[in-house]
Amino acid sequence: MERNSRRPLKPKENSSVSRGSFNQIVKEIGITLAVGMLGAVFSNFLLQVFQNQFSFELAWLFMVHWHTELFLLGTSVLFVLYIWFSALIGSRRVGMILLFLLSVSLGIATQQKMLLREEPMYPSDFSMLTNLPFLLQMVNGKTVLFILFLFIISLAVIYWLIKQSRKRVKQKDSNHKSIYRIIRIGVWLLSSGLLAYVYGFNDSGNLVKAAYNDYAYWIPYSQEMNYYNNGFVGGFLYNLNVTPMEQPADYSKKRIEQLVTKYQKQAEQINQTRTSKLNDVNIVYVMNESFSDPTQLNGVDVSDDPLPHIRQLMSQETSGEMLSQGYGGGTANIEFEALTGLSMEPFASNLSTPYTQMATRMKELPSLVTYLKETGHQTTAIHPYNTSMYKRKQVYSEMGFDTFLYDQTMTYHQTIENNPYISDRSAYQEVIKQLNQTKEADFIHLVTMQNHMPYGQNYPSTTFSAQGAADNNEAAHYYQGIAYSDTALADFLKDLKKLDQETIVVFWGDHLPGFYGEEVLGANSELTMHQTPLLIASSRKTEKEALGTISPIYFMNHVLKVANAPVSPYHALLMDLEQTLPAFEKGIYLEDNDQEPKQERLDLSAKTQQILAEYDLLQYDVTVGKNYSKEQKFFSN
């Protein structure tokens, strides 16, 4: 009887344990969700603070008054990320720290990039992490120390929390462990699926994008305004998983064939007076890092002219200004335009860097490299730095360069004073060496590094001084650097005259340096802040022509003109476009004989819009479309 009376007690005990386990699980889930939501709100707010250059007021207004719905949408994305971290590690505390650490890292990156280049952090910028030490050189020393301190502290805390979490897991009974493990795996799989769906933000029918579209105000021509209006998270998502171009309404094989026929006829007409060939002419492209003319800026005083040689050369040779796609950065995009003849302007606004976002497509794109290889040129790229920046090693290979020389494979490595980068003079010596050792004509594309930021300690012996820049010391050292570049270029052009073959040099600066500050930016037009010197010179003859301001997509037009060489139908198109629209980038459209740039395509003349629409069709065809034009030899003579 006593035994029978005890049996009913066991089910009650199991039921109590079961209820206790269930309550504990619900409690843990509730705490995890509450902590995650608070953490996501704080992290999103922090991103807004960094994006607005530490303005808590603007971040608060965005969150509470202006765009609360957008803030909550961004917070939801960060919350899913927190859940993913927590499920992966098995600790909500570690998940919270990882989310906070990621937010601070992204926040600092976008704050520094906005400060130096007036553009926010893009998803494609993560490719730059392969060269983290180089990136840290461009950041303020105190900021670097703060990042390192935060990173070390975070690692220590994460290590301690993981140890504590493992202790607590050991103390749980086996039933609890199994339940928690199943929940953790399920939550991780669910959050992984959600993040994968968020990654497809720009896919047709994406519900996250649809939710944003109800409140967002996307601005295609300005990613800075996109991030400002829609929040950091919204702007970041907008730049994910990019399709390079929207399909033009009239795109078809028949339409492309019509354009090919049109420009084949124009090329034939132009070539009637082109009596020379390119196969015995060397062509050297020199994209000089941050090379610009400070004397053209209002509000800036320079103690002496740092560019006397190029100023004289520009008065004697074909010269003008190049319209840069960026300010303070954007080197690879300028390079892309110069080598392909494809402008960044028709591309989707969230295609920020073709080299990193379209690297695998490069082999299919028309380029100066493939064009000159058809004329028998040896093709060489030279960049006196490592190969990790902008995936150059992969991109140059895809483009078809025969040789890529970089810091580890170059013969000449000299630097100047405290400047850590290989000098322009050494880079030019490498070009001369390459020209001398090949029997064929050469195409050499040189991207220099001497004038890359930071500048402040490069030249202790400098006699230059500056007034008006946000950092006058930085400016003074920069002016000394471009003065060295000026002298090195003049000597390089003299050395080329000693070679047996004619060499045509295209020299330009990729963009202005980013240290001038708000006052200088306000005192000058946007056009002025995007203009750099452009010189096209032959070692055998003088062809003087004032080009005005042109885009880099047109450089080859003028090389062919100086060489008196035939043009392809593609170059005929570029020549036609240049006659009516010599310079254009998003937000800056400079029509022929018009000194005031337009801001929108719709402001352009009907003729300009028509030719630009034809250019769009052909650019779409080779980047996203069926490549009908390439099949019809549109890019060959």
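Hey, can you tell me all the residues within the range 541-551 that are crowded, with 16+ Cβ neighbours inside 10 Å and of a type in the set (D, E, K, R)? Across the range 541-551, the qualifying residue is only GLU543. Screening THR275, THR243 for residues that are assigned to a loop (DSSP other than H, G, I, E, B), modelled with pLDDT under 95 and within 19 Å of VAL559 (Cβ to Cβ) leaves exactly one candidate, THR275.
Scanning the range 618-632 for residues that are touching a residue at least 12 places away in the same chain (Cβ under 8 Å) and of a type outside the set (Lys, Arg) gives LEU618, GLN619, TYR620, ASP621, VAL622, THR623, VAL624, GLY625, ASN627, TYR628, SER629, GLN632. Which residues, counting only those in the range 411-430, are open to solvent by less than 70 Å² (accessible area, probe 1.4 Å), under 26 Å from the mean Cα position of the chain (by Cα) and not aromatic (Phe, Trp, Tyr)? Listed by number, the residues that qualify are ASN419, ILE422, SER423, ASP424, ALA427. One residue stands out in the range 490-516 among those that are assigned to a loop (DSSP other than H, G, I, E, B) and of a type in the set (Asp, Glu): the one that is nearest to the chain's Cα centre (by Cα), namely ASP510. Candidates GLU257, GLU268: the one that is more than 35 Å from the chain's Cα centre (by Cα), part of a helix (DSSP H, G or I) and farther than 23 Å from VAL505 by Cα is GLU268.
Within the range 31-45, the residues that satisfy the criterion of being of a type outside the set (A, V, I, L, M) and within 18 Å of ILE89 (Cα to Cα) are THR32, GLY36, GLY39. Looking across the range 51-69 at every residue that is at pLDDT below 90 and under 12 Å from GLY107 (Cβ atoms), the one that is surrounded by the most Cβ atoms within 10 Å (Cβ to Cβ) is identified as GLN51.
Can you find, within the range 206-253, the residue that is farthest from the chain's Cα centre (by Cα) among those that are farther than 28 Å from SER43 by Cβ and of a type in the set (Phe, Trp, Tyr)? Reasoning before the result, please.
We begin by selecting, within the range 206-253, every residue farther than 28 Å from SER43 by Cβ; these are 221, 243-253.
Adding the requirement that they be of a type in the set (Phe, Trp, Tyr) leaves 221, 251.
Numbers: TYR221: 15, TYR251: 28 Å.
The residue in question is TYR251.
Please indicate, with yes or no, whether at least one residue in the range 232-239 is assigned to a loop (DSSP other than H, G, I, E, B) and not hydrophobic (A, V, I, L, M, F, W, C). Looking through the range 232-239, at least one residue is assigned to a loop (DSSP other than H, G, I, E, B) and not hydrophobic (A, V, I, L, M, F, W, C).
The set of residues from the range 479-492 being crowded, with 21+ Cβ neighbours inside 10 Å and of a type in the set (A, V, I, L, M) comprises ILE482, ALA488, LEU489.
The values are calculated or read from the model by the stated rules, or taken from the named source; none is laboratory data. Just so you know, these numbers come straight off a predicted model, no measurement behind them. In this analysis, Cβ positions are derived from the backbone assuming ideal geometry, glycine residues included, and neighbour counts consider all displayed protein chains. These accessible areas exclude ligands, DNA and RNA; they are computed on the full protein's heavy atoms, side chains included. Shrake-Rupley method; radii C 1.70, N 1.55, O 1.52, S 1.80 Å.
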